[in-house]
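Student: Have a look at the structure that comes next, please.
The values are calculated or read from the model by the stated rules, or taken from the named source; none is laboratory data. Just so it is clear, the structure is predicted and the values come from calculations on it, not from any experiment. Positions of Cβ are generated from backbone atoms using ideal geometry, with glycine treated the same way; all protein chains shown enter the neighbour counts. Keep in mind that these areas ignore ligands, DNA and RNA; they rest on the heavy atoms of the full protein, side chains included. Shrake-Rupley method; radii C 1.70, N 1.55, O 1.52, S 1.80 Å.
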Amino acid sequence: MRRFHSGGLRHNLLQYISLPALAVTFLCSLAGCGGSRPAGPSQIPAKITLNPSTSTSVQIGSTLTFSASAQNGSNSNINLTYSFQSSDTSILNIAPNGVACAGRWDAAFTTCTPEGTGVVQVTASAQGASSSPTFVFVHPPIDHITVIGILPTNQTLQEPCLSQGQTMTVQAKAFSQGADVTASVGPFNWSADNLSVVKLTPIINAAYNVATNQATATANTPGIAQIYASASGVASNSFQQPQYTNAQGTSPVLNFFETCPVQNIALELGPAGSQQTGQTSFITAKGNDQTITAVITDVMGNTSLEDPNSLTVLKNIPLTWSASQPAVVAAGTSCTQSCSANTPSPGAGSITASCSPPTCNVGFPQSPAILSSPACAQFFQLASCQQFIPLPVYATTAISGVVTGAPSPNSFIATSLGCSAETPEACNTSIYSISTGKAVTNNPNPLPAQPNSFLFDLAGDKLFMGGAYGALIINPTNLGTQTSPFSALGSVTGKVLASSTNGNFAVFSDTLHTPNQVYIVNATNSTSPSAIALSITGAVAAAFSPDELKAFIIANGGNSLYIYSTLQALQGPIALAGPANTVAFSSNGAFAFVGEDSFGSNPANLTAFNMCDNQAAGTPVSLLSNPISIAVLPGVHFEGKDSYGNAIPDGTHTLVLDATGIDIVTANISAQPLTATQPLCQSLTFVSGDPVRPAQRIELGQGTIHPINLFASADGTLLYVVASDRNSILVYDFSTRGISGIQLLNNATPVSADMTADASTILIAGSDGMLHEVSTAAGGADLVQLQFANLPNSQNSFCTLDPTTGACTLDFVAARP
């Protein structure tokens, strides 16, 4: 029983006592007592609104408070006294003050005794006007609610998933002590944990105009979701698709709703709906945008291509688009199933697209057990039900472009890492922001901490700086201005190893302090970045997938691989075949390539790891020597041959630099067929044009060298190798298979090197303390040599004081993308 103290009777009595006073007031108004007054707003109600309105659901024996408001013909609020009516007082009684009892009130309106169940109409009235009714569903206490899909008559649902736009009816049932009380409950509210996956439309009861216990579930964005129903404060905690029987038996229990996952993405040049040509590369002048169309196929074979004979055409699938070199070939904004590739600068780059969680193939890494069960495959007559597990899916081939045109001035930074081991009191460092368009070094910018590493994001909007005593994010645009370019990263320390494509995330590794830490910095808000610390020891290299879904981290001195994602727990350690210190992603984003040194009986090799399940893909490719660095090229076509006269097949090319030459590893990537017995991870096969060597070889013919970087020309015809023990940049020409050099002036040898995004200039920090701007045009030439003046009150160009190891020297240069 519920007890409730009511002042309603006293209020009514006061109304009767005040009637004579009201009468006098009324007569005075007729006779003009006290002089003439303007008429006030009308007190005649034109509309009465009852709250709660439309419908509500209550448990027997509980109370519910109704209130009302009124407006006159001018829509002005007016104060009235209301009476409340119940259409069935054997189920719901209402006290004069609007407090309703789901049962029967005692005479004092203090105790509510449960009685019947059912649907009652409640209205509020005043001065002859009434509100629209509110339907009150009175029901026994609800223990739990279940939600199941129901199979329409004479219809077989496509399971385990529905393709976009297909529907099923879902139904909720409410139970009280094992009894089905659904008929007395209402309305039901519908929701899902992934509202983009399924659109829920309540089925309305025409008699009450309220949501019933049924809804239409429409498949929308590819992925898995749970559907929920709630009533009277109780929510369901399970969902089950409809079961039915056919020649294979009874369908398995599928405890999820799924919009069919994307199985394949094929990128084509040209607008949506145009003739698909299979062209995946272009050459164009800068400023000529290119339209890229994604042809999407789900696991049921439905596609995004317009087909008048198909009832299902995939639309508005939220793909993730990314570019390998946004300064050259950039993905436009608001791209879905097509994208405009902007070409702001000469050079080479590629664009890829993926159906990446959490916005596409939603639900990763959820993997319902039934989808790995043989019973599921047997009933639906499939090779495997694992094809329905939502995983990241990548375009089989990226669109690559070579952009021609006159290069524009490029900006870059130059500094020293010589203070990295010193305390801030002992030594401070300055950084220079320079343009290739001006033969001056500009003014130095003092850094608030000592750097041990720098890394630009691909867009060039952020410069991440690592340090033993503090890390920073630098806005390169603000260098040399009155606006501070520095954002501190709090307690983050260590070297910066990787940045995500758009600079939203970065990886720092602290191997100096105990215990070692890896920091994942979230720079989405660059003025207030945050970070999380991972207990990973000895991290030496890292790379982000183009879609930002995962970061591959090589740690434990290079012997282990860890995989970080915001969507799942840290994966690893995964043992590597040999120590590694370099990792890079394929141009389509589907595979991470790890270069491993020889170890024991294992030769040096390049191993590919699949992004969708973190497993090694294919047989590792043996390398001639331990890799120093690797670089993945856009899908360029090599017109020339390797050092042994073998043509290089088309595919994804990875250049592996070692102490004597370059290995070229080529991979072909394809979609997993639907007949496969494993999840729909893409397949990778290494191919070689050399009948003897699995990796094709470029011999530099210089004996053993100490290379520090490797670059490629925009058109892929030339490779440039910068070595610290050579006073010239080595150049390999694919067309002639010859080696030449670009001589550095002053007999300088390189200390650090980088190439501008347009591939027009190689920047060299030289052993002579000067910065060399080496042009790659017309055979190449060391055109500009910049010298740095000493800092004020210092005998050094980069540090305020000389560190204990000696004067700071120019030892780092990086081009801003």
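Student: Take A498 and tell me if it is touching a residue at least 40 places away in the same chain (Cβ under 8 Å), of a type in the set (A, V, I, L, M), closer than 18 Å to S453 by Cα and outside any strand (DSSP E or B). Give the steps one after another, and end with the answer.
Tutor: Values: touching a residue at least 40 places away in the same chain (Cβ under 8 Å): yes; of a type in the set (A, V, I, L, M): yes; closer than 18 Å to S453 by Cα: yes; outside any strand (DSSP E or B): no.
No; evaluated as a whole, the condition is false for this residue.
Student: Still on this model: Report, by residue number, each residue of the range 782-796 that is assigned to a loop (DSSP other than H, G, I, E, B), modelled with pLDDT of 90 or more and surrounded by fewer than 16 Cβ atoms within 10 Å (Cβ to Cβ).
Tutor: Within the range 782-796, Q787, A789, N790 qualify.
Student: Still on this structure, I have one more. Does N12 qualify as being modelled with pLDDT under 95, out of contact with any strand residue (DSSP E or B) (no Cβ under 6 Å at 6 or more places or on another chain) and in a loop (DSSP other than H, G, I, E, B)? Don't jump to the end; show me each part of the working.
Tutor: On the way: modelled with pLDDT under 95: yes; out of contact with any strand residue (DSSP E or B) (no Cβ under 6 Å at 6 or more places or on another chain): yes; in a loop (DSSP other than H, G, I, E, B): no.
So N12 does not fit the description; no.
Student: Restricting the range 157-178 to residues that are open to solvent by 50 Å² or more (accessible area, probe 1.4 Å) and in a strand (DSSP E or B), which is modelled with the lowest pLDDT?
Tutor: Looking at the filtered set, the residue picked out is T167.
Student: Residues of the range 789-812 being over 18 Å from A421 (Cβ atoms) and more than 45 Å from the chain's Cα centre (by Cα), which ones?
Tutor: Residues satisfying the conditions are A789, N790, P792, N793, S794, Q795.
Student: Filter the range 250-274 down to the residues that are in contact with an Asp or Glu (Cβ under 7 Å, 6 or more places away or on another chain) and open to solvent by less than 10 Å² (accessible area, probe 1.4 Å) and list them by number. Talk me through it step by step, then tell me what you get.
Tutor: Our first condition is that a residue be in contact with an Asp or Glu (Cβ under 7 Å, 6 or more places away or on another chain); within the range 250-274, this holds for 251, 254, 260-263, 273.
Once the filter is applied, which keeps residues that are in contact with an Asp or Glu (Cβ under 7 Å, 6 or more places away or on another chain) and open to solvent by less than 10 Å² (accessible area, probe 1.4 Å), the range 250-274 yields S251, L254, C260, P261, V262.
Student: Could I ask something else about it? For the range 513-528, does any single residue satisfy the condition of being under 21 Å from S453 (Cβ atoms), in a loop (DSSP other than H, G, I, E, B) and touching a residue at least 24 places away in the same chain (Cβ under 8 Å)? Please lay out each step first, then the result.
Tutor: Step one: filter the range 513-528 for residues under 21 Å from S453 (Cβ atoms), giving 513-523, 526.
Subsequent filtering for residues that are in a loop (DSSP other than H, G, I, E, B) retains 513-516, 523, 526.
Next, from what is left, pick out any that are touching a residue at least 24 places away in the same chain (Cβ under 8 Å): 523, 526.
Checked against the condition, which is being under 21 Å from S453 (Cβ atoms), in a loop (DSSP other than H, G, I, E, B) and touching a residue at least 24 places away in the same chain (Cβ under 8 Å), the range 513-528 yields at least one hit.
Student: Is there any pair linking a residue in the range 104-120 that is closer than 24 Å to Y208 by Cα to one that is among the aromatic types (F, W, Y) and surrounded by 20 or more Cβ atoms within 10 Å (Cβ to Cβ), with Cβ under 7 Å and at least six apart or on different chains, and which?
Tutor: Taking only residues 6 or more apart or on different chains, the pairs are V119/F135; V119/F137.
Student: Could you count how many residues in the range 761-781 are part of a loop (DSSP other than H, G, I, E, B), in contact (Cβ under 8 Å) with a residue 24 or more places away in the chain and of a type in the set (S, T, Y)?
Tutor: Residues of the range 761-781 part of a loop (DSSP other than H, G, I, E, B): 767-770, 776, 780.
If we keep only those that are in contact (Cβ under 8 Å) with a residue 24 or more places away in the chain too, we end up with 769-770, 776, 780.
Those still in the list that are of a type in the set (S, T, Y) too: 776.
Total satisfying the criteria: 1.
Student: Do we have any residue at all in the range 396-413 that's among the aromatic types (F, W, Y), over 30 Å from A285 (Cβ atoms) and out of contact with any helix residue (DSSP H, G or I) (no Cβ under 9 Å at 6 or more places or on another chain)?
Tutor: To start, the set of residues in the range 396-413 that are among the aromatic types (F, W, Y) comprises 412.
Still in the running and over 30 Å from A285 (Cβ atoms): none.
No, every residue in the range 396-413 fails to be among the aromatic types (F, W, Y), over 30 Å from A285 (Cβ atoms) and out of contact with any helix residue (DSSP H, G or I) (no Cβ under 9 Å at 6 or more places or on another chain).
Student: Which condition does F135 not pass, out of (1) touching a Cys at 6+ places or on another chain (Cβ under 9 Å); (2) part of a strand (DSSP E or B); (3) closer than 30 Å to I204 by Cα; (4) not hydroxyl-bearing (S, T, Y), if it passes all the others?
Tutor: (1)
Student: Exactly one condition in (1) within 27 Å of the chain's Cα centre (by Cα); (2) under 15 Å from Y720 (Cα atoms); (3) not polar (S, T, N, Q) is false for L655; which is it?
Tutor: (1)
Student: Quick one: R726 ticks every box in (1) at pLDDT 95 or above; (2) in a loop (DSSP other than H, G, I, E, B); (3) over 23 Å from L783 (Cβ atoms); (4) touching a Gly at 6+ places or on another chain (Cβ under 9 Å) bar one, so which box is it?
Tutor: (3) is the only condition that R726 fails.
Conditions (1) touching a strand residue (DSSP E or B) at 6+ places or on another chain (Cβ under 6 Å); (2) modelled with pLDDT of 95 or more; (3) assigned to a strand (DSSP E or B); (4) open to solvent by less than 30 Å² (accessible area, probe 1.4 Å), marked per residue:
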residue	(1), (2), (3), (4)
S69	yes, yes, yes, no
G73	no, no, no, no
D88	yes, yes, no, no
A100	yes, yes, yes, yes
I145	yes, yes, yes, yes
Q155	no, no, no, no
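Student: Which ones in the range 188-210 are part of a strand (DSSP E or B), among the hydrophobic types (A, V, I, L, M, F, W, C) and within 21 Å of F137 (Cβ to Cβ)? Break it down stepwise before answering.
Tutor: Of all residues in the range 188-210, those part of a strand (DSSP E or B) come to 189-192, 198-205, 210.
With among the hydrophobic types (A, V, I, L, M, F, W, C) added as a condition, the list becomes 190, 192, 198, 200, 203-204, 210.
Across the range 188-210, the qualifying residues are W190, L200, I203, I204, V210.
Student: Which residue is farthest from the chain's Cα centre (by Cα), if the candidates are limited to the range 390-434 and must be under 30 Å from I265 (Cα atoms) and open to solvent by 40 Å² or more (accessible area, probe 1.4 Å)? Working first, answer last.
Tutor: If we filter the range 390-434 for residues that are under 30 Å from I265 (Cα atoms), which is where we start, we get 390-404.
Cutting the leftovers down to open to solvent by 40 Å² or more (accessible area, probe 1.4 Å) gives us 397, 404.
Details: T397: 21, T404: 32 Å.
Per the stated criteria, the residue is T404.
Student: Taking strands (runs of 3 or more DSSP E) that fall entirely within the range 405-460, which contain at least 3 residues that are within 15 Å of E773 (Cα to Cα) and touching a Ser or Thr at 6+ places or on another chain (Cβ under 9 Å)? Working first, answer last.
Tutor: On the way: elements: 411-415, 430-435, 453-456.
Fully inside the range 405-460 and qualifying: 411-415, 430-435.
Student: Quick one: count up the residues across the range 238-249 that are modelled with pLDDT under 90 and open to solvent by 40 Å² or more (accessible area, probe 1.4 Å). First the steps, then the outcome.
Tutor: First, the residues of the range 238-249 that are modelled with pLDDT under 90: 238, 243-249.
If we keep only those that are open to solvent by 40 Å² or more (accessible area, probe 1.4 Å) as well, we get 238, 243, 245-248.
Residues that pass the stated criteria total 6.
Student: Further question: Taking the residues in the range 195-210 that are in contact (Cβ under 8 Å) with a residue 60 or more places away in the chain and surrounded by 17 or more Cβ atoms within 10 Å (Cβ to Cβ) as candidates, determine which candidate is farthest from P390 (Cα to Cα). Step through it out loud before you land on a result.
Tutor: Filtering the range 195-210 for residues in contact (Cβ under 8 Å) with a residue 60 or more places away in the chain gives 196-198, 208-210.
Next cut, surrounded by 17 or more Cβ atoms within 10 Å (Cβ to Cβ) only: 196-198, 208, 210.
Working: S196: 14, V197: 12, V198: 15, Y208: 40, V210: 35 Å.
Applying the filter and picking the extreme gives Y208.
Student: Evaluate the range 311-327: report whether one residue or more is open to solvent by 20 Å² or more (accessible area, probe 1.4 Å), of a type in the set (K, R) and over 21 Å from S587 (Cβ atoms).
Tutor: yes
Student: So in the range 505-518, with the set limited to residues that are among the hydroxyl-bearing types (S, T, Y) and open to solvent by 30 Å² or more (accessible area, probe 1.4 Å), which one is farthest from the chain's Cα centre (by Cα)? Outline the logic, then answer.
Tutor: We begin by selecting, within the range 505-518, every residue among the hydroxyl-bearing types (S, T, Y); these are 509, 511, 514.
Remaining after also requiring open to solvent by 30 Å² or more (accessible area, probe 1.4 Å): 511, 514.
Working: T511: 29, T514: 33 Å.
Top of the filtered list is T514.
Student: Quick test for you: out of L606, L633, pick the one residue that is buried (at least 20 other Cβ atoms within 10 Å of the Cβ) and in contact (Cβ under 8 Å) with a residue 60 or more places away in the chain. Explain how you work it out, then say what you get.
Tutor: Working: L633 fails: buried (at least 20 other Cβ atoms within 10 Å of the Cβ).
Exactly one residue qualifies, and that residue is L606.
Student: Turning to a different aspect of this structure: Criterion first (modelled with pLDDT of 95 or more, closer than 27 Å to S535 by Cα and among the small types (G, A, S)) does G595 satisfy it?
Tutor: Details: modelled with pLDDT of 95 or more: yes; closer than 27 Å to S535 by Cα: yes; among the small types (G, A, S): yes.
The answer is yes for G595.
Student: State the number of residues belonging to the range 455-495 that are farther than 20 Å from Q325 by Cβ and free of Cβ contacts under 8 Å to residues at least 60 places away in the same chain. Before the answer, list the steps.
Tutor: Step one: filter the range 455-495 for residues farther than 20 Å from Q325 by Cβ, giving 465-475, 478-495.
Restricting the remaining residues to those that are free of Cβ contacts under 8 Å to residues at least 60 places away in the same chain gives 465-475, 478, 480-495.
Looking only at that region, the number is 28.
Student: Please go through (1) over 23 Å from Q517 (Cα atoms); (2) open to solvent by 20 Å² or more (accessible area, probe 1.4 Å); (3) at pLDDT 95 or above for A616 and return the number of the only condition it doesn't satisfy.
Tutor: The one condition A616 does not meet is (3).
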